[in-house]
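Since the structure comes first, as structure tokens, the remarks are kept for the end.
Read-outs throughout are calculated quantities, based only on the coordinates presented, and are distinct from any laboratory measurement. As the structure is a prediction and not an experimental result, all values here were calculated from the model. A quick note on method: Cβ atoms are made from the backbone with ideal geometry, for glycine too, and the neighbour counts reach across all protein chains shown.
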């Protein structure tokens, strides 16, 4: 009989809720993807490079022009230099980058600290590598990290800590104090970090993205994983990257070359050219903050309560004043009966902690957001 390596893993909640939304004709604010077009300039660049013959394998580490632009961008934004030849790798999405970072680092018996609620790709990657997740539970509404608790969870087996900022699904963001506290914990230990920073440009209300690379202690221990798909509304292109010191990138690339080897070539050239205009990414926070506010304005007067999201393109709403149903049941009810699909936050906890909170994606056109908000505002 075939023995599953992940016997407790089923279909992702994103696939399940999107399918349920399609079945019942609900507005899909569940899965995190935009329903509007990317910039015509970027789409035109893709066509141009493809038409001009840039359609064969890219170099394993990625197209040089794109790695050069990432190096310039990271230095400009965060004051951190990464050598494009040895410290930047283009991947087939950030999920691949996260998996490769974990696979390059974690061996059987190693422990990995995971903050819950956690994006659902972390745990399978840890388990496939023989690692043991050590969970630290964060709570609604602020989802703040108790760094003294983190310190108490460190053991001789701790090999990695996974950090996600801006955070999916909570919309919280790290402060510089958070980085300082984390650095104190790992400074003299053989502990490495995965920085899931795919929403680095989707941050609101004048807040700054505090990347792990701005702290010199953390930079030398970190695999920083990013996503062009999230930033530029091209999730289907599946292009991400990893920034890591040379000694970590060497090991990272050993995994990457046998996962995908290389990534969609014409899109890499298109993105390299597109990044030359810094306004193409510096304008993103205002773009998504306005969408967040359109959604929140549209649910005014409803029974939902919330703290405005600080980052990502997700807004959490608590429905405690509406019903005492568990979040999975209520999310299903809203999809089937009310006509708006969301994600129950409990699925991001290994013990399915129900805090009466749903996650809604506001990376949608204004018409969809206002229509969904109008429906929800009646509850």
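Set the Förster radius R0 to 45 Å, insert the Cβ-Cβ distance between residue 72 and residue 323 as r into 1/(1 + (r/R0)^6), and round the FRET efficiency to 0.05.
0.35
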*Rounded to the nearest 0.05, what FRET efficiency do residue 9 and residue 175 give with R0 = 35 Å and r taken as the Cβ-Cβ distance? Could you check?*
0.55
*Using r as the Cβ-Cβ distance of residue 305 and residue 132, and R0 as 35 Å, what FRET efficiency do you calculate, to the nearest 0.05?*
0.45
*377, 152 arranged by Cβ crowding within 10 Å, fewest neighbours leading*: 152, 377
_Using helices alone, I'd like the mean residue ellipticity at 222 nm for the chain: each DSSP H run of four-plus residues gives -39500 (n - 2.57), total over residue count, nearest 500._
-11000 deg cm²/dmol
_Shape of the stretch 133-231, Cα gyration tensor, a/c cut at 1.5_ = prolate
*Note down the relative contact order for the chain as a percent, whole number, built from C-alpha pairs under 8 angstrom at least six residues apart.*
25 percent
*Going by C-beta contacts inside 10 Å, put 359, 253, 292 in order with the fewest on the left.*
253, 292, 359
*Considering only DSSP beta bridges whose two residues both sit in the chain, what percent are antiparallel, to the nearest 5?*
45 percent
*Going by average Cβ neighbours within 10 Å, how do the peptides 8-14, 210-216, 61-67 rank, with the highest at the top?*
61-67, 210-216, 8-14
_On a full-extension model of 0.36 nm per residue, what is the gain between residue 246 and residue 366, subtracting their alpha-carbon distance, rounded to one decimal in nm?_
38.8 nm
*Give the order of 36, 54 when sorted by the count of other beta carbons within 10 angstrom, beginning with the fewest.*
36, 54
_Whole-number D in µm²/s for the stretch 41-277 (Stokes-Einstein; Kirkwood sum over Cα pairs; 37 °C, 0.692 mPa s)_ = 182 µm²/s
